[in-house]
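Quick notes on the structure that follows.
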Amino acid sequence: MSEKIAVIYKTKYGSTKKYAGWIALKLGADLYEISDIRSKHLIEYETIIFGGGVYRGKINGLNFIDQNYNKIKDKNIYIFSVGMENVSEDRKELLIKNNFKNIEAKNIKFYNFKGELDCSSLSVIDKIMMKALKSMLNKKTESELTEDDKVVLRGFEEKVNLTDKSSIKALVEEVSGCAEY
């Protein structure tokens, strides 16, 4: 692949880093944790792929791309989020609306991947938020619980790992322009 690609990520618990690494490896791209790249370096790349975890409806670190959008708007831009829930078209639109201030949604491709949940390793603030979520979920009847709800509840009892290397296939194929990766 001749075009220069940067994969940039911000991770909190490791799932986003895992996906970013898989993508960079498949594409022969440069891999950066967000703290290791400066906005002036973005102009060196034809394609920029950014990934961040979803926390309380926000994509972690996306403000870096948003703040630098005018410098990179003519580049190929791909954004992926990592979270525990399935992202329907409505949810995708809400994520875009809540996260893209300067970014023009029509100029980017957006993907979502499943992450991991290990309640024992959460920060104090995240534990408090998760306990509030658990309380809300426990008020639902069994028939009202979605599959995503059940996975979250299971995460209070055991580590849940939904990361899947094969889920990057569509993104990798689109970036590389190939049917195989």
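The values are calculated or read from the model by the stated rules, or taken from the named source; none is laboratory data. Source: prediction; values computed, not measured. Glycine also receives a Cβ, built like all others from the backbone with ideal geometry; neighbour counts cover every protein chain displayed. Areas reflect the complete protein model, heavy atoms only, side chains present, ligands, DNA and RNA absent. Shrake-Rupley method; radii C 1.70, N 1.55, O 1.52, S 1.80 Å.
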Top-ranked residue of region 37-70 - restricted to ones that are of a type in the set (F, W, Y) and within 30 Å of L133 (Cβ to Cβ), ranked as surrounded by the most Cβ atoms within 10 Å (Cβ to Cβ): F50
Subset of region 93-127 [farther than 30 Å from D74 by Cα and open to solvent by 40 Å² or more (accessible area, probe 1.4 Å)]: E116, D118, S120, S121, S123, V124, I125, K127
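Does K17 fit the bill of being closer than 30 Å to G155 by Cα, outside any helix (DSSP H, G or I) and not hydrophobic (A, V, I, L, M, F, W, C)? So that I can check it myself, show each step before the final result.
Details: closer than 30 Å to G155 by Cα: yes; outside any helix (DSSP H, G or I): no; not hydrophobic (A, V, I, L, M, F, W, C): yes.
No: the conditions fail for K17.
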Members of region 101-130 that are of a type in the set (V, I, T) and assigned to a helix (DSSP H, G or I): V124, I125, I128
Checklist (1) over 13 Å from the mean Cα position of the chain (by Cα); (2) among the aromatic types (F, W, Y); (3) not in a helix (DSSP H, G or I) applied to F64, failing item: (3)
Test: residue in region 169-177 that is at pLDDT 90 or above, in contact with a strand residue (DSSP E or B) (Cβ under 7 Å, 6 or more places away or on another chain) and surrounded by 15 or more Cβ atoms within 10 Å (Cβ to Cβ): yes
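If only one of K134, K150 is open to solvent by 70 Å² or more (accessible area, probe 1.4 Å), more than 23 Å from A20 (Cα to Cα) and part of a helix (DSSP H, G or I), which one is it? Spell out the reasoning first.
Values: K134 fails: open to solvent by 70 Å² or more (accessible area, probe 1.4 Å).
After ruling out the rest, the residue left standing is K150.
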Residue that is least open to solvent (accessible area, probe 1.4 Å) [pool: residues in region 13-36 that are free of Cβ contacts under 8 Å to residues at least 60 places away in the same chain and of a type outside the set (G, A, S)]: I34
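Can you find, within region 153-163, the residue that is nearest to V87 (Cα to Cα) among those that are open to solvent by 70 Å² or more (accessible area, probe 1.4 Å) and outside any helix (DSSP H, G or I)?
Of region 153-163, the ones open to solvent by 70 Å² or more (accessible area, probe 1.4 Å) are 154, 157-159, 161.
Checking the rest, the ones that are also outside any helix (DSSP H, G or I) come to 157-159, 161.
Working: E157: 24, E158: 23, K159: 21, N161: 17 Å.
My answer is N161.
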Residue list for region 75-100, filter: in contact with a helix residue (DSSP H, G or I) (Cβ under 9 Å, 6 or more places away or on another chain), touching a residue at least 24 places away in the same chain (Cβ under 8 Å) and part of a helix (DSSP H, G or I): N99
Residue selected from region 42-61 under the condition more than 25 Å from G28 (Cβ to Cβ) and outside any strand (DSSP E or B), by the criterion farthest from the chain's Cα centre (by Cα): R56
